[in-house]
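Here the structure is laid out as structure tokens; the discussion comes afterwards.
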Amino acid sequence: MENNYQDLLTYIEVETGFRCTNYKERPLKRRLMVRLRALNIENYEKYLLFLKQHPEELKTLLDVLTINLSYFFRNPETFDFIKQRVIPILKQESGSLIFWSAGCAKGEEPYSLAIMAGEAGLLERTTIYATDIDSVALDRAQQGRFQNLSFQFLDAHLKDEYFIPDKNCFVIKEKIRQHVIFRKHDIFEKFPFGYCNLIMCRNVLIYLDRNAQSVIINNFYEQLKEKGFLVLGKVELLIGILSIKRFNVISRNEHVYQKGHYAESS
Ligand SMILES: C[S@@+](CC[C@H](N)C(=O)[O-])C[C@H]1O[C@@H](n2cnc3c(N)ncnc32)[C@H](O)[C@@H]1O
């Protein structure tokens, strides 16, 4: 059974590039079971056979493995903190700003960053890179069409200001969309778009094992400009991950870190 499981992981990695072996085993197995049950397949060996015979299943599997759930201004208190404590510092920077939403899913997070930059008068000099390994999610993100579920944390006036209702959806306005660049990218790889003023990576590391978390935190450090900010998810508890100690803690509650400047607040 365990050999079959490893064979299945290796096959998925080779065919999709999704590095299963760096992800925590329990959630991974739980998500694989979703597909096995849906197809009425009783074990990993038979599922591997099925994948080889039905390569189109890889797409569905990847969709299940990479949970894409997201919301505009998810954890609003984190965005409030960034607005009050981080944006004023970024405003003092001269020249263009680069934000990176790593693991952006269907786009709610990078569009939230763009809206926040817009409200702060920073949008014209800000580019938001939004990356994910899931091409289906990225296609959806690029379309910029969202249903009500995504809006539960967004103030009504911001929804009116930045979205156009269309049938049963809301479409992000061009003035926001043009500042967000979506690209397929694996967070294990080097980020090829320059050094960032702010990296937001939320609800991604939680699925990874500790070694992988450590490597990625190191990559983020290298990828930030001096005094750049890293924002992790509220669920991401990096206890014992040494690479996070390279950062200064800006907010323990909101998991906001800074490269090279100390100003702890909460
Ligand atoms: C739960 S969503 C998080 C969306 C958003 N960051 C948020 O917090 O609302 C997790 C996203 O991480 C992406 N992801 C998982 N592993 C990744 C990797 N190695 N590289 C890039 N994206 C990854 C998934 O495809 C998925 O879209």
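Here the Karplus curve 6.51 cos²θ - 1.76 cosθ + 1.60, taken at θ = phi - 60°, turns the phi angles of the stretch 98-106 into couplings of 10, 10, 10, 9, 9, x, 7, 6, 8 Hz, with x standing for Gly and Pro.
Applied to the stretch 73-81, the Karplus parametrisation 6.51 cos²θ - 1.76 cosθ + 1.60 on θ = phi - 60° returns per-residue 3J(HN,Hα) values of 6, 4, 6, x, 5, 5, 5, 4, 4 Hz, with x for Gly and Pro.
In this structure, the pairs whose alpha-carbon distance is over 19 Å, taken from 106/190; 59/167; 59/106, are 106/190; 59/167. Amide H contacts under 5 Å for residue 209: 23, 24, restricted to partners 5 or more places along the chain or on a different chain, H placed in the peptide plane at 1.01 Å from N. Taken one residue at a time, the phi angles of the stretch 246-258 give Karplus couplings (6.51, -1.76, 1.60, θ = phi - 60°) of 5, 9, 8, 7, 9, 9, 5, 5, 9, 6, 10, 10, 9 Hz. Gly and Pro are set to x.
The packing ranking of peptides 89-96, 152-159, highest mean first, is 152-159, 89-96, where packing means the average number of other beta carbon atoms within 10 angstrom of each residue. Its alpha carbons give the stretch 2-65 an Rg and a Dmax of 10.4, 27 Å.
In the structure displayed, which of 175/227; 52/234; 184/245; 91/173 lie more than 32 Å apart, Cα to Cα?
Cα-Cα > 32 Å for 52/234; rest within.
Note on the chain: Cα Rg divided by 2.2 N^0.38 Å, N the number of residues, gives 1.05.
Taking amide H atoms as placed 1.01 Å from N in the peptide plane, the amide H of residue 126 lies under 5 Å from those of 97, each 5 or more residues away in sequence or on another chain. Sequence-distant or interchain residues sharing an amide H contact under 5 Å with residue 228, placed H: which? Sorted by chain and number, the residues that satisfy this are 259. When each of the peptides 26-39, 209-222 is scored by the mean number of other C-beta atoms lying within 10 Å of its residues, the order from highest to lowest reads 209-222, 26-39. The stretch between residue 56 and residue 34 holds 6.3 nm of extra length on full extension. This uses 0.36 nm per residue minus the Cα-Cα distance. Projecting label points 7 angstrom from Cα along Cα→Cβ for residue 64 and residue 215 puts them 2.6 nm apart. Based on Cα contacts under 8 Å between residues 6+ apart, the chain shows a relative contact order of 16 percent. Quick check: Cα centre of the stretch 210-256 to Cα centre of the stretch 129-207, how many Å? Their Cα centres are 21 Å away from one another. Full extension of the chain between residue 13 and residue 155 gives 47.1 nm of extra length, using 0.36 nm per residue less the Cα-Cα distance.
Net charge in the neighbourhood of residue 150 (other residues with Cβ under 13 Å of its Cβ; Lys, Arg +1, Asp, Glu -1) is +3.
As an exercise, use a Förster radius of 41 Å and the Cβ-Cβ distance of residue 242 and residue 183 to find the FRET efficiency, rounded to the nearest 0.05.
Once the sixth-power term is evaluated, E becomes 0.90.
The Cα-based radius of gyration of the stretch 135-266, divided by its Kirkwood radius, gives an Rg/Rh of 1.01.
Since every read-out is calculated from the coordinates, none of them should be taken as a lab result. What you see is a predicted model; the values in this text were computed from it and never measured. Ideal geometry is used to build each Cβ from the backbone, glycine not excepted, and the neighbour counts take in all protein chains shown.
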